[in-house]
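Student: Quick one: this structure, given as structure tokens, is what I'll be asking you about.
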């Protein structure tokens with residue numbers, strides 16, 4: 001199939017590849033690189049935005065400086081990074097670095113496998129952890145933090161409410177500013 005390169009030093013070297021923009025490179029089959037120095041090196045990869053990179057098969061990077069390096073990964077937003085397979089990073093400076101991880105919100109980070117971080121600067125670092133709310137943190141496996149500033153640091157712990165904290169295994173803190181510090185403890189209010 002034909003490839004198309006448009007722009008100074010643009011390169012489209014694989015079947016069906018399209019490179020558009022100065023220095024852009026589309027080297028994967030059916031890949032598309034759009035923007036200055038954009039790189040789409042995976043098959044069926046799409047890189048859109050200056051200095052964006054989609055290096056794995058089926059990867060999509062959209063936004064200046066965005067990087068999608070995991071297979072079937074998606075990075076959307078300036079400097080967003082999706083490095084895990086099937087990972088999704090959405091928002092400026094968001095990072096989804098583990099397989100199946102989802103980071104949504106500016107500065108959010110999902111680094112545990114199958115973890116989800118939603119909200120500005122939310123962090124889900126445990127496997128299967130969920131952090132929902134600005135500055136929320138779920139750092140242990142299976143932990144859930146829901147609410148701005150909430151923290152679930154114990155394994156299988158749950159913190160629900162603004163600034164709620166569940167710090168022990170199986171602990172549940174339910175309500176703004178509540179703290180559950182004992183193993184399998186429950187605090188309401």
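Student: Convert 37 °C to kelvin, take the viscosity as 0.692 mPa s, use the Kirkwood radius over C-alpha pairs of region 1-86 as Rh, and evaluate the Stokes-Einstein diffusion coefficient in µm²/s, rounded to a whole number.
Tutor: Diffusion coefficient, whole number: 288 µm²/s.
Student: A further question on this structure: With no solvent and one equal point scatterer placed on each C-alpha of the chain, evaluate the Debye formula and give log10 I(q)/I(0) for q = 0.12, 0.13, 0.16 Å⁻¹, two decimals.
Tutor: -0.57, -0.62, -0.79
Student: While we're here: Full extension from residue 181 to residue 1: what is 0.36 nm times the residue separation minus their Cα-Cα distance, to one decimal in nm?
Tutor: Additional length available on full extension: 58.6 nm.
Student: Taking only Cα atoms and a 10 Å spring cutoff, compute GNM fluctuations for the chain and point out the largest among 17, 176, 124.
Tutor: Result for the chain, Cα springs under 10 Å: 176 fluctuates most.
Student: Using only the alpha-carbon atoms of region 102-189 as identical scatterers, what base-10 log of I(q)/I(0) does the Debye formula give at q = 0.16 Å⁻¹?
Tutor: Rounded to two decimals, the profile gives -0.44.
Each value in this text was obtained by applying a stated rule to the coordinates, not by laboratory testing. Keep in mind that what you see is a predicted model, and the values were worked out from it rather than measured.
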